[in-house]
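Data block below; observations after.
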Amino acid sequence: MTLRSARRWLWVAVAATAGALVGAAWTSPGYEHAPTADTRSATPLGGEFSLVDEDGKPRTWSDFRGRPVAVFFGFTHCPDICPTTLGELSVLLDDLGEQANELQVVSISGDPERDTPGVLTGYLQSFDPRIVGLTGSEAEVDRAFSAFKAYRKKVTTGGGDYTIDHSAGIYLYDRNGGFAGTLDVHEDMEVRVNKLRRLISRCESSGRWPTVFDAASLLHADKERCRNRLGLNQHPAARGSVG
Ligand SMILES: [Cu+2]
């Protein structure tokens, strides 16, 4: 069997398996609900929101397409997890060197009552200036949290004060907004910086082979670099074809 025909058979096998899976899902009762429920509980897919940054400038989830994004959920009055996480993110950005300029780190406040844009400005001065802080109305913050399957709950602490219980961890998204994994505070910094390096150097959408469409849908600045990396700027004969 030549390499070419071996490849063809591989693709036929992949297509047949995919077809069988689709067929099974299509014919099984409750198809509309079951896969969605599973995906939702397991994967923080991310989703549209409309918030404002520290300067009060409107920012939506789609604004970040074309760049890999790391999303964190917290609040400025947090005594431990948030300052630690943002501090470590600042170190990671530093460790990444020039590559860090490609990554967008976003911190979404779960305490919009206290975290006005002005409060975010003051708070974020202690961290890497490339980290963008977002806040908004309670309703918009709710929408953002539920889009990312993130958790927040106001807990009264006495004396009219309160704190916010919230989900920790950092969600990673590729240039097309596809979920690409997480960073965890328990991981070594080296593990985390390598995850970020991999995220930044990938051009394609998550979980799929790169396609012409992926490269074409990237923003202009990244497009040529990604096309070169994926070999899409080469003559078709030079990069070979499958099947
Ligand atoms: Cu916190």
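The values are calculated or read from the model by the stated rules, or taken from the named source; none is laboratory data. Keep in mind that what you see is a predicted model, and the values were worked out from it rather than measured. A quick note on method: Cβ atoms are made from the backbone with ideal geometry, for glycine too, and the neighbour counts reach across all protein chains shown.
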Please go through the stretch 174-196 and pick out each residue that is modelled with pLDDT under 95 and within 16 Å of Q99 (Cα to Cα). D174, R175
Of the listed residues (P44, P83, P79), the one being at pLDDT below 95, farther than 21 Å from N101 by Cα and within 16 Å of the ligand (Cβ to nearest atom) is P79
Return only the number of the condition from (1) over 22 Å from F49 (Cα atoms); (2) within 14 Å of the ligand (Cβ to nearest atom); (3) at pLDDT below 95 that E98 does not satisfy. (2)
What about L93, is it surrounded by 20 or more Cβ atoms within 10 Å (Cβ to Cβ), away from the ligand (no atom under 16 Å from the Cβ), without any contact (Cβ under 8 Å) to a residue 40 or more places away in the chain and not charged (D, E, K, R)? yes
Which one is farthest from the chain's Cα centre (by Cα) among residues in the stretch 59-76 that are β-branched (V, I, T) and within 16 Å of the ligand (Cβ to nearest atom)? T76
Can you run down the residue pairs with Cβ atoms below 6 Å, 6 or more apart or on separate chains, where the first is in the stretch 67-88 and in the same structural domain as G178 (by TED's automatic domain parsing) and the partner is more than 13 Å from the ligand (Cβ to nearest atom) and among the acidic types (D, E)? P68/D174
Just to be sure I understand, how many residues within the stretch 50-75 are out of contact with any strand residue (DSSP E or B) (no Cβ under 7 Å at 6 or more places or on another chain) and assigned to a loop (DSSP other than H, G, I, E, B)? 5
Would it be correct to say that G159 is assigned by TED's automatic domain parsing to the domain that holds S90, surrounded by 13 or more Cβ atoms within 10 Å (Cβ to Cβ), farther than 20 Å from L93 by Cα and modelled with pLDDT under 95? no
Could you tell me whether V141 is modelled with pLDDT of 95 or more and in the same structural domain as P79 (by TED's automatic domain parsing)? yes
